[in-house]
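The values are calculated or read from the model by the stated rules, or taken from the named source; none is laboratory data. Because the structure is predicted, anything quoted here is derived from the model rather than measured. Ideal geometry is used to build each Cβ from the backbone, glycine not excepted, and the neighbour counts take in all protein chains shown. Protein only, heavy atoms only, side chains kept; ligands, DNA and RNA dropped before computing areas. Shrake-Rupley method; radii C 1.70, N 1.55, O 1.52, S 1.80 Å.
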Amino acid sequence: MTPSPIRVLESSSSGVTIVVLVNNAMYSLLGIPYAFSWAVKDPSGSSWSTTSNVLSTSSSWSFSVGYPSSFSGASLNLPGTYAVNVSETLPTSTPNVVNGSFKVGVTDSVTYQRTYPVQIQAGGYLATDTVNTTITRSGSTIPSFSSSTTPDTNGLVKTSWQTLPGTATGSYTVSVVGKTTPPKSVPDTQPFVVYPTNITTAAFGSGKNALEKSEIQAFKFNATYLNGLSATQGSSTIRLTEPDGSTTHLATASYNSSIGRFSAAFTVPLSGETGAWTATIDPQTFNDPYGNGGPLVPATLIFNVLPASLSVTLFSSNKVFSVGNALTIQATIVTPGGTNFTQGTVQAVLTLSGQHIGTPLSLTYDPTRGEWTSSYKVAPSDPSGTWLVTVSASDNYGNTGQSSVIDTVDVPSAQSSSSQLWSYLVIVLLVAGLGFTILITRKRGLTRREVKLDIQAIKSQADKVKGDDFLQSIQEQLKRRKQQMGLEKPDH
């Protein structure tokens with residue numbers, strides 16, 4: 001015996017179809033008559049009967065009846081279990097050849113997940129009655145539900161209670177009572193249970209199909225309850241797996257009201273592997289504040305991670321460097337994600353027309369200034385010209401960057417140094433000759449002495465050798481001597 005449906009709402013117009021399958025039956029071409037009697041006992045204990053007749057032309061066949069349509073005076077106006085018994089009367093008398101049952105309820109189910117509506121239906125009421133429906137939990141009436149209904153012309157009462165994501169879980173009882181309708185032999189009272197609901201995720205996507213290390217990957221997805229209501233509270237964990245299949249990271253997604261979806265952001269570390277990464281929303285990793293969770297099945301996506309191209313910025317001094325000057329190298333290095341590159345290897349190479357000058361310089365990071373720095377002292381043996389300073393940055397994870405800047409260096413040649421030495425000697429000889437001439441003219445007692453000296457020529461020659469303390473001293477002595485000679489002229 002197979003009742004369909006196995007459970008039905010009270011006073012359902014479609015009723016219940018009860019099918020009986022017979023095997024190993026006697027049969028003939030003309031058919032062997034079979035007769036069966038039906039008995040259905042409702043929850044009040046009342047019994048309702050009918051019969052079925054079949055001509056057997058094969059060994060297997062079935063027959064059915066509809067309840068209450070096939071049973072005179074029967075109805076589905078009482079909640080509870082309806083017991084069904086079938087006895088064979090022809091060709092042999094065999095009582096209770098098959099038994100079964102079906103249920104009638106005031107609600108369309110005995111269990112509900114949150115967000116599903118509780119459908120309530122009861123029949124057998126006077127059309128002029130006012131019927132009250134109440135739902136209680138632990139003896140207390142649910143304040144959010146109140147229903148006072150007038151039955152339809154068939155005495156049927158219908159109403160519903162919409163559960164929410166935050167509806168308290170547990171056992172409830174619904175009761176339907178009329179004011180003027182005589183009390184039923186079985187009250188319209190039905191217990192049911194509310195459970196947490198499941199949350200499904202859909203349209204799981206990433207902001208970029210490919211990105212460089214240190215950049216931020218964005219994730220978005222929709223979350224809905226089983227009845228289609230969108231979830232706007234709660235959070236979900238997204239698991240990110242590197243190409244090695246074992247290294248994982250976690251990102252937390254929360255509701256973003258500006259886009260109406262759940263979103264998460266994850267910064268790919270510089271130490272991460274390059275290649276295909278997998279992002280997964282695992283089952284039961286989404287939870288809302290009410291204890292609902294999901295999804296039932298995982299959601300995954302794949303994106304590619306590339307090495308980071310480091311941005312190297314060098315500072316140019318805009319000055320000419322000479323022997324003994326320190327050529328300072330300053331660089332800021334930034335990742336594609338916009339953060340400072342602070343750990344790794346940073347080196348500077350100095351070249352002139354492709355020829356290396358000195359050995360590569362290692363730069364160190366200064367956290368107070370956010371810069372990588374080093375310096376090089378210009379040596380007398382270094383070449384003059386426009387030097388190219390190239391700074392390269394790298395780390396152990398394949399991230400690299402490079403940039404260059406030019407600086408001008410002026411180192412005097414050997415021939416220039418020899419000319420300066422001869423200039424020194426000429427000036428010394430001139431000064432010595434001046435002193436000797438003055439001494440001779442004084443001793444001879446000349447009445448008119450005048451020593452003409454091309455002071456400007458000496459000064460010009462001295463200016464060519466700047467910074468020489470000895471020559472500067474000679475200039476000062478010559479100036480004082482010129483002033484003294486000016487005072488002596490009136491006396492002679």
- Query: Got a sec? What order do M1, M26 fall in by accessible area at 1.4 Å, biggest, i.e. largest, first?
  - Reply: M26, M1
- Calculate the length of the line joining the C-alpha centroid of the range 115-178 to that of the range 65-97, in whole Å. 30
- Query: Which order, highest average first, do 157-163, 59-65, 222-228 follow once you tally other Cβ atoms within 10 Å for each residue and take the mean per peptide?
  - Reply: 157-163, 222-228, 59-65
- Message: A 20 angstrom limit on the alpha carbon distance is what I want to check against. Which of K158/K179; K41/K103; K103/K179 exceed it?
- Response: K103/K179
- List L352, L29, ordered by accessible area with a 1.4 Å probe, largest first: L29, L352
- Task: Identify the chymotrypsin sites (Phe, Trp or Tyr not before Pro) of the range 259-351 meeting these criteria: DSSP loop state and at most 15 other C-beta atoms within 10 Å of the C-beta.
- Result: F315
